[in-house]
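For reference, the structure is listed below as C-alpha coordinates.
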Amino acid sequence: MSPPSLLHSSPFPLHPHPTATPHSPRSTLPFLPIKSSTSPDSTPTPLKASASPDPSPPPLKHRRPADVNIRDEARRHSSTHNLQGFSAKYVPFNTSPAPTSAESYSLDEIVYRSRSGGLLDVQHDMDALKRYDGEYWKNLFDSRVGKTTWPYGSGVWSKKEWVLPEIDGDDIISAFEGNSNLFWAERFGKQFLGMNDLWVKHCGISHTGSFKDLGMTVLVSQVNRLRKMNRPVVGVGCASTGDTSAALSAYCASAGIPSIVFLPANRISIAQLVQPIANGAFVLSIDTDFDGCMQLIREVTAELPIYLANSLNSLRLEGQKTAAIEILQQFDWEVPDWVIVPGGNLGNIYAFYKGFHMCKELGLVDRIPRLVCAQAANANPLYLHYKSGWKDFKAVKANTTFASAIQIGDPVSIDRAVFALKNSNGIVEEATEEELMDAMAQADSTGMFICPHTGVALTALFKLRNSGVIGPTDRTVVVSTAHGLKFTQSKTDYHSKEISDMACRYANPPVQVNADFGSVMDVLKKYLLSKDSKI
(Lines give C-alpha, C1' and ligand atoms only; values in the text may rest on other atoms or scores of the structure.)
Protein backbone atom coordinates (compact mmCIF):
# COMPACT_ATOMS: atom_id res chain seq x y z
CA MET A 1 0.00 0.00 0.00
CA SER A 2 1.28 3.49 -0.78
CA PRO A 3 2.05 5.78 2.14
CA PRO A 4 -0.70 8.30 2.96
CA SER A 5 -0.64 11.74 1.40
CA LEU A 6 0.73 14.89 2.96
CA LEU A 7 -1.48 17.33 4.81
CA HIS A 8 -4.07 19.02 2.61
CA SER A 9 -2.47 22.37 3.40
CA SER A 10 0.64 21.36 1.50
CA PRO A 11 1.05 22.78 -2.02
CA PHE A 12 0.73 19.22 -3.37
CA PRO A 13 0.35 15.79 -1.81
CA LEU A 14 3.28 13.47 -1.24
CA HIS A 15 3.36 10.43 -3.47
CA PRO A 16 6.15 7.89 -3.01
CA HIS A 17 8.51 7.38 -5.86
CA PRO A 18 7.62 4.07 -7.56
CA THR A 19 9.96 1.17 -7.13
CA ALA A 20 13.02 2.06 -9.17
CA THR A 21 14.22 -0.23 -11.91
CA PRO A 22 17.77 -1.59 -11.57
CA HIS A 23 19.11 0.51 -14.43
CA SER A 24 17.43 3.75 -13.37
CA PRO A 25 17.30 4.27 -9.60
CA ARG A 26 15.33 7.35 -8.59
CA SER A 27 15.58 8.62 -12.13
CA THR A 28 12.05 9.87 -12.75
CA LEU A 29 9.66 12.04 -10.83
CA PRO A 30 6.05 10.92 -11.16
CA PHE A 31 4.49 14.19 -10.10
CA LEU A 32 5.28 17.88 -10.50
CA PRO A 33 4.11 20.80 -8.36
CA ILE A 34 0.73 22.29 -9.08
CA LYS A 35 1.04 25.42 -11.19
CA SER A 36 -2.67 26.33 -11.30
CA SER A 37 -4.45 27.86 -8.34
CA THR A 38 -6.93 25.94 -6.24
CA SER A 39 -9.65 27.09 -3.93
CA PRO A 40 -8.99 26.87 -0.19
CA ASP A 41 -11.40 23.96 0.13
CA SER A 42 -10.01 21.88 -2.71
CA THR A 43 -7.36 19.18 -2.54
CA PRO A 44 -4.66 19.81 -5.17
CA THR A 45 -4.51 17.17 -7.85
CA PRO A 46 -0.97 16.32 -8.93
CA LEU A 47 0.00 16.61 -12.57
CA LYS A 48 1.78 13.71 -14.22
CA ALA A 49 5.05 14.76 -15.77
CA SER A 50 4.29 12.93 -19.02
CA ALA A 51 0.74 14.24 -19.40
CA SER A 52 -0.08 16.50 -22.34
CA PRO A 53 -1.13 20.08 -21.55
CA ASP A 54 -4.76 20.45 -20.50
CA PRO A 55 -6.45 22.85 -22.93
CA SER A 56 -9.21 23.72 -20.45
CA PRO A 57 -8.85 27.04 -18.62
CA PRO A 58 -7.49 26.95 -15.06
CA PRO A 59 -10.01 27.13 -12.22
CA LEU A 60 -10.97 30.57 -10.99
CA LYS A 61 -9.08 31.88 -7.98
CA HIS A 62 -11.22 32.21 -4.87
CA ARG A 63 -10.07 34.67 -2.28
CA ARG A 64 -10.18 33.58 1.34
CA PRO A 65 -13.33 34.85 3.12
CA ALA A 66 -12.78 38.14 4.90
CA ASP A 67 -13.42 36.63 8.33
CA VAL A 68 -10.88 33.81 7.79
CA ASN A 69 -7.13 34.29 8.29
CA ILE A 70 -4.29 32.12 7.00
CA ARG A 71 -4.03 30.19 10.26
CA ASP A 72 -7.76 29.47 10.18
CA GLU A 73 -7.43 28.31 6.61
CA ALA A 74 -4.51 26.02 7.46
CA ARG A 75 -6.42 24.63 10.44
CA ARG A 76 -9.37 23.69 8.26
CA HIS A 77 -7.14 21.87 5.79
CA SER A 78 -5.12 20.09 8.49
CA SER A 79 -7.86 18.15 10.26
CA THR A 80 -5.93 14.92 9.67
CA HIS A 81 -2.55 15.63 11.22
CA ASN A 82 0.79 14.06 10.28
CA LEU A 83 -0.70 11.28 8.18
CA GLN A 84 2.60 10.92 6.38
CA GLY A 85 4.14 9.35 9.51
CA PHE A 86 7.34 11.41 9.73
CA SER A 87 8.82 11.73 13.19
CA ALA A 88 11.86 12.91 15.13
CA LYS A 89 13.32 12.34 18.58
CA TYR A 90 16.20 13.36 20.83
CA VAL A 91 19.19 11.01 20.92
CA PRO A 92 22.63 11.47 22.47
CA PHE A 93 24.95 13.31 20.11
CA ASN A 94 27.25 10.65 18.72
CA THR A 95 30.33 11.00 16.53
CA SER A 96 30.34 7.38 15.40
CA PRO A 97 28.09 6.08 12.60
CA ALA A 98 26.45 3.44 14.79
CA PRO A 99 24.43 4.40 17.88
CA THR A 100 26.24 3.67 21.13
CA SER A 101 23.05 3.32 23.20
CA ALA A 102 19.31 2.96 22.86
CA GLU A 103 18.74 6.17 24.83
CA SER A 104 16.18 8.47 23.23
CA TYR A 105 13.53 10.98 24.23
CA SER A 106 10.37 12.40 22.72
CA LEU A 107 10.64 16.01 21.57
CA ASP A 108 7.77 16.65 23.98
CA GLU A 109 10.07 15.90 26.92
CA ILE A 110 11.96 18.74 28.59
CA VAL A 111 15.52 17.48 28.41
CA TYR A 112 18.77 19.14 27.32
CA ARG A 113 21.48 16.58 28.12
CA SER A 114 21.89 12.84 27.80
CA ARG A 115 22.14 10.63 30.89
CA SER A 116 25.94 10.83 30.62
CA GLY A 117 25.79 14.64 30.56
CA GLY A 118 26.57 14.89 26.84
CA LEU A 119 24.82 16.86 24.12
CA LEU A 120 21.61 15.74 22.50
CA ASP A 121 20.76 15.76 18.81
CA VAL A 122 17.45 15.70 16.95
CA GLN A 123 17.30 12.51 14.90
CA HIS A 124 14.75 12.20 12.11
CA ASP A 125 13.20 8.99 10.84
CA MET A 126 15.32 8.89 7.70
CA ASP A 127 13.73 5.68 6.44
CA ALA A 128 10.36 7.43 6.30
CA LEU A 129 11.83 10.46 4.56
CA LYS A 130 13.64 8.24 2.03
CA ARG A 131 10.34 6.90 0.76
CA TYR A 132 10.37 10.05 -1.37
CA ASP A 133 13.26 10.73 -3.71
CA GLY A 134 15.45 13.82 -3.85
CA GLU A 135 13.65 15.30 -6.83
CA TYR A 136 10.39 15.14 -4.95
CA TRP A 137 11.77 17.01 -1.95
CA LYS A 138 13.33 19.66 -4.19
CA ASN A 139 10.05 20.26 -5.97
CA LEU A 140 8.10 20.32 -2.71
CA PHE A 141 10.41 22.85 -1.06
CA ASP A 142 10.68 25.01 -4.18
CA SER A 143 6.89 25.09 -4.57
CA ARG A 144 6.49 26.74 -1.16
CA VAL A 145 8.89 29.67 -1.60
CA GLY A 146 7.23 33.07 -1.48
CA LYS A 147 3.77 31.76 -0.62
CA THR A 148 1.55 32.92 2.23
CA THR A 149 0.14 29.46 2.96
CA TRP A 150 0.54 28.90 6.70
CA PRO A 151 3.15 27.98 7.83
CA TYR A 152 5.03 27.28 4.59
CA GLY A 153 5.75 30.93 3.77
CA SER A 154 8.56 30.68 6.31
CA GLY A 155 11.96 29.58 5.03
CA VAL A 156 12.13 27.30 8.07
CA TRP A 157 8.63 25.85 7.99
CA SER A 158 8.73 25.34 4.23
CA LYS A 159 10.94 22.39 5.29
CA LYS A 160 8.58 21.37 8.11
CA GLU A 161 8.91 17.63 7.40
CA TRP A 162 12.66 17.93 8.06
CA VAL A 163 12.37 20.23 11.08
CA LEU A 164 9.48 19.41 13.45
CA PRO A 165 7.32 16.97 11.50
CA GLU A 166 4.88 16.20 14.31
CA ILE A 167 3.95 19.72 15.40
CA ASP A 168 0.51 20.94 14.45
CA GLY A 169 0.53 24.06 12.28
CA ASP A 170 -1.73 25.75 14.80
CA ASP A 171 1.05 25.60 17.41
CA ILE A 172 3.69 27.21 15.19
CA ILE A 173 4.92 30.71 16.04
CA SER A 174 6.42 32.22 12.91
CA ALA A 175 7.26 35.61 11.42
CA PHE A 176 7.85 34.00 8.00
CA GLU A 177 11.55 34.12 8.82
CA GLY A 178 14.25 32.84 6.50
CA ASN A 179 14.18 33.11 2.71
CA SER A 180 17.05 35.56 3.18
CA ASN A 181 18.97 37.21 0.37
CA LEU A 182 21.91 35.40 -1.19
CA PHE A 183 23.84 38.47 -2.27
CA TRP A 184 26.25 38.32 -5.20
CA ALA A 185 29.26 40.24 -3.85
CA GLU A 186 30.38 41.16 -7.35
CA ARG A 187 32.41 44.30 -6.70
CA PHE A 188 33.89 43.13 -3.39
CA GLY A 189 34.96 39.82 -4.92
CA LYS A 190 36.56 41.39 -7.98
CA GLN A 191 38.17 44.38 -6.27
CA PHE A 192 39.62 42.76 -3.16
CA LEU A 193 39.86 39.04 -3.88
CA GLY A 194 39.99 38.48 -7.64
CA MET A 195 36.86 36.28 -7.39
CA ASN A 196 33.79 36.29 -9.60
CA ASP A 197 31.62 33.75 -7.77
CA LEU A 198 31.52 35.15 -4.23
CA TRP A 199 28.21 35.27 -2.38
CA VAL A 200 27.07 36.53 1.01
CA LYS A 201 24.11 34.82 2.67
CA HIS A 202 22.46 37.70 4.52
CA CYS A 203 20.86 35.79 7.40
CA GLY A 204 20.72 39.09 9.30
CA ILE A 205 17.98 40.30 6.98
CA SER A 206 15.41 38.63 9.18
CA HIS A 207 12.65 39.57 11.59
CA THR A 208 14.91 40.62 14.48
CA GLY A 209 18.04 41.20 12.42
CA SER A 210 19.97 37.97 12.96
CA PHE A 211 20.08 34.31 11.97
CA LYS A 212 18.88 33.42 15.49
CA ASP A 213 15.28 33.77 14.27
CA LEU A 214 15.67 30.54 12.31
CA GLY A 215 16.20 28.49 15.45
CA MET A 216 13.95 30.47 17.74
CA THR A 217 10.81 29.95 15.67
CA VAL A 218 11.30 26.20 16.16
CA LEU A 219 12.06 26.37 19.87
CA VAL A 220 9.25 28.77 20.79
CA SER A 221 6.78 26.81 18.64
CA GLN A 222 7.65 23.65 20.56
CA VAL A 223 7.27 25.51 23.86
CA ASN A 224 3.87 26.72 22.68
CA ARG A 225 2.96 23.09 22.01
CA LEU A 226 4.23 21.99 25.44
CA ARG A 227 2.22 24.66 27.23
CA LYS A 228 -0.93 23.57 25.40
CA MET A 229 -0.14 20.05 26.64
CA ASN A 230 -0.02 21.50 30.20
CA ARG A 231 3.66 20.72 30.62
CA PRO A 232 5.40 22.69 33.43
CA VAL A 233 6.75 25.60 31.40
CA VAL A 234 6.14 29.06 32.85
CA GLY A 235 8.54 30.93 30.57
CA VAL A 236 11.59 30.66 28.33
CA GLY A 237 15.06 31.88 29.29
CA CYS A 238 18.42 32.44 27.65
CA ALA A 239 21.88 33.84 28.22
CA SER A 240 22.77 36.21 25.43
CA THR A 241 25.21 38.72 24.04
CA GLY A 242 22.35 40.31 22.12
CA ASP A 243 20.90 38.47 19.15
CA THR A 244 19.56 35.38 20.96
CA SER A 245 17.68 37.58 23.41
CA ALA A 246 16.22 39.66 20.58
CA ALA A 247 14.91 36.58 18.79
CA LEU A 248 13.65 34.88 21.95
CA SER A 249 11.82 37.97 23.20
CA ALA A 250 10.18 38.65 19.83
CA TYR A 251 8.85 35.13 19.32
CA CYS A 252 7.75 34.79 22.93
CA ALA A 253 5.96 38.14 22.68
CA SER A 254 4.17 36.90 19.56
CA ALA A 255 3.11 33.75 21.41
CA GLY A 256 2.24 35.49 24.69
CA ILE A 257 4.89 33.50 26.58
CA PRO A 258 7.08 35.18 29.24
CA SER A 259 10.76 35.48 28.29
CA ILE A 260 13.69 35.89 30.69
CA VAL A 261 17.06 37.17 29.46
CA PHE A 262 20.46 37.07 31.19
CA LEU A 263 22.76 39.68 29.62
CA PRO A 264 26.40 40.48 30.50
CA ALA A 265 26.39 44.05 31.84
CA ASN A 266 27.98 46.73 29.64
CA ARG A 267 29.08 44.26 26.97
CA ILE A 268 26.45 44.61 24.24
CA SER A 269 25.34 47.46 22.02
CA ILE A 270 22.34 49.64 22.84
CA ALA A 271 20.74 48.50 19.58
CA GLN A 272 20.90 44.91 20.83
CA LEU A 273 19.83 45.70 24.40
CA VAL A 274 16.75 47.64 23.33
CA GLN A 275 15.20 44.72 21.42
CA PRO A 276 14.39 42.42 24.38
CA ILE A 277 13.36 45.43 26.45
CA ALA A 278 10.97 46.62 23.74
CA ASN A 279 9.54 43.12 23.35
CA GLY A 280 8.66 42.96 27.03
CA ALA A 281 11.27 40.47 28.21
CA PHE A 282 12.33 40.32 31.85
CA VAL A 283 15.98 41.38 31.46
CA LEU A 284 18.68 40.72 34.05
CA SER A 285 21.90 42.67 33.51
CA ILE A 286 24.57 40.60 35.24
CA ASP A 287 28.12 41.61 36.11
CA THR A 288 29.83 38.78 34.22
CA ASP A 289 30.60 37.69 30.67
CA PHE A 290 28.53 35.44 28.40
CA ASP A 291 30.08 32.27 29.79
CA GLY A 292 29.08 33.39 33.29
CA CYS A 293 25.54 34.13 32.16
CA MET A 294 25.38 30.74 30.46
CA GLN A 295 26.39 28.95 33.64
CA LEU A 296 23.75 30.84 35.64
CA ILE A 297 20.91 30.18 33.20
CA ARG A 298 21.71 26.47 33.16
CA GLU A 299 21.57 26.37 36.96
CA VAL A 300 18.32 28.38 37.06
CA THR A 301 16.52 26.29 34.43
CA ALA A 302 17.42 23.15 36.38
CA GLU A 303 15.48 24.51 39.36
CA LEU A 304 12.64 26.60 37.90
CA PRO A 305 10.02 25.78 35.20
CA ILE A 306 11.85 27.94 32.66
CA TYR A 307 12.65 26.37 29.30
CA LEU A 308 16.27 26.80 28.19
CA ALA A 309 16.59 28.55 24.83
CA ASN A 310 20.35 28.56 24.26
CA SER A 311 21.92 26.40 21.54
CA LEU A 312 22.64 23.72 24.13
CA ASN A 313 19.02 22.99 23.21
CA SER A 314 19.26 21.07 19.94
CA LEU A 315 15.84 22.25 18.74
CA ARG A 316 17.47 25.56 17.80
CA LEU A 317 19.78 23.83 15.36
CA GLU A 318 16.86 22.28 13.49
CA GLY A 319 15.78 25.74 12.41
CA GLN A 320 19.28 27.00 11.74
CA LYS A 321 20.08 24.10 9.41
CA THR A 322 17.46 25.36 6.97
CA ALA A 323 19.81 28.20 5.95
CA ALA A 324 22.05 25.56 4.40
CA ILE A 325 19.12 24.08 2.49
CA GLU A 326 18.16 27.58 1.34
CA ILE A 327 21.64 28.14 -0.09
CA LEU A 328 21.28 25.01 -2.20
CA GLN A 329 17.81 26.11 -3.31
CA GLN A 330 19.11 29.51 -4.34
CA PHE A 331 21.79 27.87 -6.49
CA ASP A 332 19.15 25.64 -8.12
CA TRP A 333 20.42 22.74 -6.03
CA GLU A 334 24.04 23.12 -7.11
CA VAL A 335 26.57 22.75 -4.30
CA PRO A 336 29.01 25.63 -3.61
CA ASP A 337 32.67 24.81 -3.06
CA TRP A 338 33.04 26.65 0.26
CA VAL A 339 30.78 27.97 3.02
CA ILE A 340 32.36 30.21 5.68
CA VAL A 341 30.53 30.65 9.01
CA PRO A 342 31.47 32.81 12.03
CA GLY A 343 31.75 30.69 15.18
CA GLY A 344 31.20 31.45 18.86
CA ASN A 345 29.10 28.91 20.75
CA LEU A 346 29.59 26.74 17.63
CA GLY A 347 26.07 25.44 17.14
CA ASN A 348 25.77 27.18 13.78
CA ILE A 349 28.66 25.42 12.03
CA TYR A 350 27.11 22.08 12.98
CA ALA A 351 23.66 23.25 11.88
CA PHE A 352 25.02 24.10 8.42
CA TYR A 353 26.75 20.74 8.23
CA LYS A 354 23.55 18.97 9.26
CA GLY A 355 21.48 20.77 6.63
CA PHE A 356 23.95 20.01 3.84
CA HIS A 357 24.44 16.40 4.95
CA MET A 358 20.69 15.79 5.17
CA CYS A 359 20.29 17.00 1.58
CA LYS A 360 23.03 14.61 0.48
CA GLU A 361 21.63 11.65 2.41
CA LEU A 362 18.16 12.17 0.96
CA GLY A 363 19.42 12.49 -2.59
CA LEU A 364 18.93 16.20 -3.27
CA VAL A 365 22.68 16.72 -3.92
CA ASP A 366 25.65 14.41 -4.38
CA ARG A 367 28.18 16.13 -2.10
CA ILE A 368 28.52 18.78 0.59
CA PRO A 369 30.67 21.93 0.52
CA ARG A 370 33.85 22.37 2.52
CA LEU A 371 33.09 24.31 5.69
CA VAL A 372 35.20 27.02 7.29
CA CYS A 373 34.59 28.21 10.84
CA ALA A 374 35.91 31.73 11.52
CA GLN A 375 36.66 32.92 15.05
CA ALA A 376 37.77 36.20 16.57
CA ALA A 377 41.38 35.93 17.78
CA ASN A 378 40.22 37.29 21.14
CA ALA A 379 37.86 34.32 21.58
CA ASN A 380 39.39 31.45 19.61
CA PRO A 381 39.21 28.13 21.49
CA LEU A 382 38.17 26.19 18.36
CA TYR A 383 40.99 27.72 16.32
CA LEU A 384 43.56 26.73 18.94
CA HIS A 385 42.06 23.24 19.09
CA TYR A 386 42.27 22.93 15.29
CA LYS A 387 45.87 24.17 15.19
CA SER A 388 46.84 21.60 17.82
CA GLY A 389 45.68 18.80 15.55
CA TRP A 390 42.44 18.32 17.47
CA LYS A 391 44.25 17.37 20.68
CA ASP A 392 42.56 17.86 24.06
CA PHE A 393 40.24 20.84 23.90
CA LYS A 394 40.90 23.70 26.31
CA ALA A 395 38.47 26.52 27.00
CA VAL A 396 39.88 30.05 27.04
CA LYS A 397 39.00 33.30 28.77
CA ALA A 398 37.35 35.27 26.00
CA ASN A 399 38.64 38.82 25.66
CA THR A 400 36.61 41.77 24.42
CA THR A 401 35.95 41.75 20.69
CA PHE A 402 33.91 43.92 18.34
CA ALA A 403 32.34 40.63 17.22
CA SER A 404 30.49 40.51 20.53
CA ALA A 405 28.11 37.66 19.67
CA ILE A 406 31.04 35.25 19.33
CA GLN A 407 32.93 36.43 22.42
CA ILE A 408 32.73 32.96 23.94
CA GLY A 409 35.63 31.04 25.43
CA ASP A 410 33.89 27.83 26.48
CA PRO A 411 31.54 26.93 23.62
CA VAL A 412 28.70 24.53 24.37
CA SER A 413 28.77 22.92 20.92
CA ILE A 414 32.49 22.22 20.65
CA ASP A 415 31.94 18.49 19.98
CA ARG A 416 29.35 19.25 17.32
CA ALA A 417 31.66 21.72 15.59
CA VAL A 418 34.64 19.36 15.54
CA PHE A 419 32.42 16.62 14.09
CA ALA A 420 31.13 18.95 11.36
CA LEU A 421 34.59 20.16 10.39
CA LYS A 422 36.17 16.72 10.35
CA ASN A 423 33.38 15.38 8.14
CA SER A 424 33.45 18.26 5.67
CA ASN A 425 37.24 18.50 5.29
CA GLY A 426 36.82 21.80 7.08
CA ILE A 427 39.18 24.56 8.19
CA VAL A 428 39.25 26.98 11.13
CA GLU A 429 40.64 30.51 10.79
CA GLU A 430 40.86 33.52 13.07
CA ALA A 431 40.69 37.31 12.73
CA THR A 432 42.32 40.00 14.84
CA GLU A 433 40.30 43.03 15.83
CA GLU A 434 41.97 45.20 13.20
CA GLU A 435 41.52 42.56 10.51
CA LEU A 436 37.82 42.08 11.16
CA MET A 437 37.10 45.82 11.33
CA ASP A 438 39.04 46.48 8.13
CA ALA A 439 37.20 43.65 6.36
CA MET A 440 33.88 45.05 7.53
CA ALA A 441 34.79 48.52 6.23
CA GLN A 442 35.93 47.10 2.88
CA ALA A 443 32.68 45.19 2.47
CA ASP A 444 30.62 48.24 3.43
CA SER A 445 32.50 50.32 0.84
CA THR A 446 31.15 48.04 -1.90
CA GLY A 447 27.50 48.41 -0.92
CA MET A 448 27.13 45.91 1.90
CA PHE A 449 26.43 46.94 5.49
CA ILE A 450 27.61 44.00 7.53
CA CYS A 451 28.18 43.12 11.16
CA PRO A 452 31.63 42.57 12.74
CA HIS A 453 31.01 38.81 12.84
CA THR A 454 30.75 38.81 9.06
CA GLY A 455 34.02 40.77 9.10
CA VAL A 456 35.53 37.77 10.92
CA ALA A 457 34.28 35.43 8.18
CA LEU A 458 35.56 37.73 5.42
CA THR A 459 38.97 37.85 7.10
CA ALA A 460 39.07 34.06 6.96
CA LEU A 461 38.24 34.30 3.26
CA PHE A 462 41.06 36.81 2.70
CA LYS A 463 43.56 34.50 4.38
CA LEU A 464 42.45 31.37 2.55
CA ARG A 465 42.33 33.19 -0.76
CA ASN A 466 45.78 34.73 -0.27
CA SER A 467 47.25 31.34 0.62
CA GLY A 468 45.71 29.76 -2.47
CA VAL A 469 43.49 27.36 -0.53
CA ILE A 470 40.40 29.01 -2.04
CA GLY A 471 40.80 29.51 -5.77
CA PRO A 472 39.66 32.51 -7.85
CA THR A 473 36.83 30.53 -9.48
CA ASP A 474 35.67 28.64 -6.40
CA ARG A 475 32.02 29.29 -5.64
CA THR A 476 32.17 30.59 -2.08
CA VAL A 477 29.41 31.61 0.33
CA VAL A 478 30.12 33.77 3.37
CA VAL A 479 27.38 33.61 6.00
CA SER A 480 26.44 37.00 7.43
CA THR A 481 24.81 36.44 10.78
CA ALA A 482 23.42 39.82 11.88
CA HIS A 483 22.34 43.16 10.48
CA GLY A 484 24.92 45.94 10.42
CA LEU A 485 22.48 48.40 11.95
CA LYS A 486 23.00 46.68 15.29
CA PHE A 487 26.64 47.79 15.30
CA THR A 488 26.50 51.44 14.34
CA GLN A 489 28.64 52.53 17.30
CA SER A 490 31.60 50.38 16.31
CA LYS A 491 31.26 51.56 12.71
CA THR A 492 31.12 55.18 13.86
CA ASP A 493 34.20 54.73 16.05
CA TYR A 494 36.08 53.12 13.15
CA HIS A 495 35.29 55.85 10.62
CA SER A 496 36.04 58.53 13.22
CA LYS A 497 39.41 56.83 13.87
CA GLU A 498 38.60 56.72 17.56
CA ILE A 499 39.64 53.12 18.17
CA SER A 500 42.90 53.03 20.08
CA ASP A 501 45.81 51.08 18.56
CA MET A 502 43.98 50.67 15.25
CA ALA A 503 44.95 52.40 12.02
CA CYS A 504 41.41 52.27 10.62
CA ARG A 505 42.86 52.21 7.11
CA TYR A 506 39.51 52.35 5.35
CA ALA A 507 37.96 55.09 7.49
CA ASN A 508 35.72 57.56 5.65
CA PRO A 509 35.07 60.45 8.05
CA PRO A 510 32.92 63.44 7.06
CA VAL A 511 34.80 66.54 5.89
CA GLN A 512 34.24 69.78 7.79
CA VAL A 513 33.58 72.67 5.35
CA ASN A 514 32.80 76.35 5.83
CA ALA A 515 29.31 77.40 4.77
CA ASP A 516 30.32 79.31 1.62
CA PHE A 517 30.29 78.43 -2.09
CA GLY A 518 34.04 78.79 -2.62
CA SER A 519 34.99 76.44 0.21
CA VAL A 520 32.50 73.83 -0.92
CA MET A 521 33.74 74.07 -4.53
CA ASP A 522 37.39 73.70 -3.46
CA VAL A 523 36.64 70.59 -1.43
CA LEU A 524 34.51 69.03 -4.17
CA LYS A 525 37.10 69.67 -6.90
CA LYS A 526 39.82 68.09 -4.80
CA TYR A 527 37.64 65.05 -4.17
CA LEU A 528 36.58 64.65 -7.79
CA LEU A 529 40.17 64.98 -9.02
CA SER A 530 41.12 62.11 -6.74
CA LYS A 531 38.47 60.02 -8.52
CA ASP A 532 38.95 61.20 -12.09
CA SER A 533 42.03 63.01 -13.44
CA LYS A 534 40.00 64.40 -16.41
CA ILE A 535 38.26 66.94 -14.19
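Quick look at the values:
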item: Residue list for segment 464-499, restricted to those being under 20 Å from PRO369 (Cβ atoms), of a type in the set (Asp, Glu) and open to solvent by 60 Å² or more (accessible area, probe 1.4 Å); result: none
item: Evaluation of GLY468 against (1) in contact (Cβ under 8 Å) with a residue 40 or more places away in the chain; (2) part of a loop (DSSP other than H, G, I, E, B) (one fails), failing number; result: (1)
item: Helices (runs of 4 or more DSSP H) contained entirely in segment 266-346, each with at least 3 residues that are aliphatic (A, V, I, L, M), within 22 Å of VAL218 (Cβ to Cβ) and within 21 Å of the chain's Cα centre (by Cα); result: 322-330
item: Residues within segment 409-425 that are within 19 Å of the chain's Cα centre (by Cα) and either buried (at least 24 other Cβ atoms within 10 Å of the Cβ) or not in a helix (DSSP H, G or I) (or both), tallied; result: 8
item: Qualifying residue in segment 177-190 (condition: in contact (Cβ under 8 Å) with a residue 24 or more places away in the chain, assigned to a helix (DSSP H, G or I) and buried (at least 22 other Cβ atoms within 10 Å of the Cβ)); result: yes
item: Some residue of segment 112-123 being surrounded by 15 or more Cβ atoms within 10 Å (Cβ to Cβ), free of Cβ contacts under 8 Å to residues at least 24 places away in the same chain and not charged (D, E, K, R); result: yes
item: Pair list, Cβ < 6 Å and 6+ apart or interchain, from segment 503-518 residues that are under 30 Å from PHE192 (Cα atoms) to residues that are assigned to a loop (DSSP other than H, G, I, E, B) and open to solvent by 100 Å² or more (accessible area, probe 1.4 Å); result: CYS504/LYS497; ALA507/LYS497
item: Residue pairs meeting the criteria (Cβ under 7 Å; at least 6 apart or on separate chains; first under 21 Å from THR400 (Cβ atoms) and in contact (Cβ under 8 Å) with a residue 40 or more places away in the chain, in segment 258-278; second open to solvent by 30 Å² or more (accessible area, probe 1.4 Å) and not β-branched (Val, Ile, Thr)); result: SER269/GLN489; ALA271/LEU485
item: Failed condition for ILE535, given (1) modelled with pLDDT of 95 or more; (2) not in a helix (DSSP H, G or I); result: (1)
item: Residue in segment 127-148 that is touching a Leu at 6+ places or on another chain (Cβ under 8 Å), open to solvent by 40 Å² or more (accessible area, probe 1.4 Å) and not in a loop (DSSP other than H, G, I, E, B) present; result: yes
item: Condition met for ILE306 (open to solvent by 10 Å² or more (accessible area, probe 1.4 Å) and in contact with a helix residue (DSSP H, G or I) (Cβ under 8 Å, 6 or more places away or on another chain)); result: yes
item: Residue ID - farthest from THR241 (Cα to Cα), chosen from residues in segment 500-520 that are surrounded by 11 or more Cβ atoms within 10 Å (Cβ to Cβ) and either in contact with a Leu (Cβ under 7 Å, 6 or more places away or on another chain) or aliphatic (A, V, I, L, M) (or both); result: VAL520
item: Selected residue [open to solvent by less than 10 Å² (accessible area, probe 1.4 Å) and within 29 Å of ASP108 (Cα to Cα)] from SER206, SER210, SER174; result: SER210
item: Subset of segment 317-345 [open to solvent by less than 10 Å² (accessible area, probe 1.4 Å) and modelled with pLDDT under 95]; result: GLY344
item: Condition met for ASN224 (open to solvent by 50 Å² or more (accessible area, probe 1.4 Å), over 27 Å from PRO381 (Cβ atoms) and out of contact with any Cys (no Cβ under 7 Å at 6 or more places or on another chain)); result: no
item: Top-ranked residue of segment 341-368 - restricted to ones that are in contact with a Ser or Thr (Cβ under 7 Å, 6 or more places away or on another chain) and in contact (Cβ under 8 Å) with a residue 40 or more places away in the chain, ranked as farthest from VAL396 (Cα to Cα); result: ILE368
item: Tabulated pairs, segment 203-222, first closer than 18 Å to ASN345 by Cβ and among the acidic types (Asp, Glu), second in a helix (DSSP H, G or I) and open to solvent by 10 Å² or more (accessible area, probe 1.4 Å), C-beta under 9 angstrom, 6+ apart or interchain; result: ASP213/ALA250
item: Residue within segment 387-400 that is outside any loop (DSSP other than H, G, I, E, B) and open to solvent by less than 40 Å² (accessible area, probe 1.4 Å) present; result: no
item: Residue within segment 459-475 that is polar (S, T, N, Q) and touching a Ser or Thr at 6+ places or on another chain (Cβ under 7 Å) present; result: no
item: Matching residues in segment 365-386 - criterion: being assigned to a loop (DSSP other than H, G, I, E, B) and either among the small types (Gly, Ala, Ser) or open to solvent by less than 10 Å² (accessible area, probe 1.4 Å) (or both); result: PRO369, ALA377, ALA379
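Residue-by-condition table, conditions (1) in contact with a Pro (Cβ under 9 Å, 6 or more places away or on another chain); (2) at pLDDT 95 or above; (3) assigned to a helix (DSSP H, G or I):
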site	(1), (2), (3)
ASP213	no, yes, yes
ARG227	no, yes, yes
THR244	no, no, yes
LEU248	yes, yes, yes
LEU263	yes, no, no
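The values are calculated or read from the model by the stated rules, or taken from the named source; none is laboratory data. Computed from a predicted structure; not experimentally measured. Ideal geometry is used to build each Cβ from the backbone, glycine not excepted, and the neighbour counts take in all protein chains shown. These area figures cover heavy atoms from the full protein model, side chains too; ligands, DNA and RNA do not enter into them. Shrake-Rupley method; radii C 1.70, N 1.55, O 1.52, S 1.80 Å.
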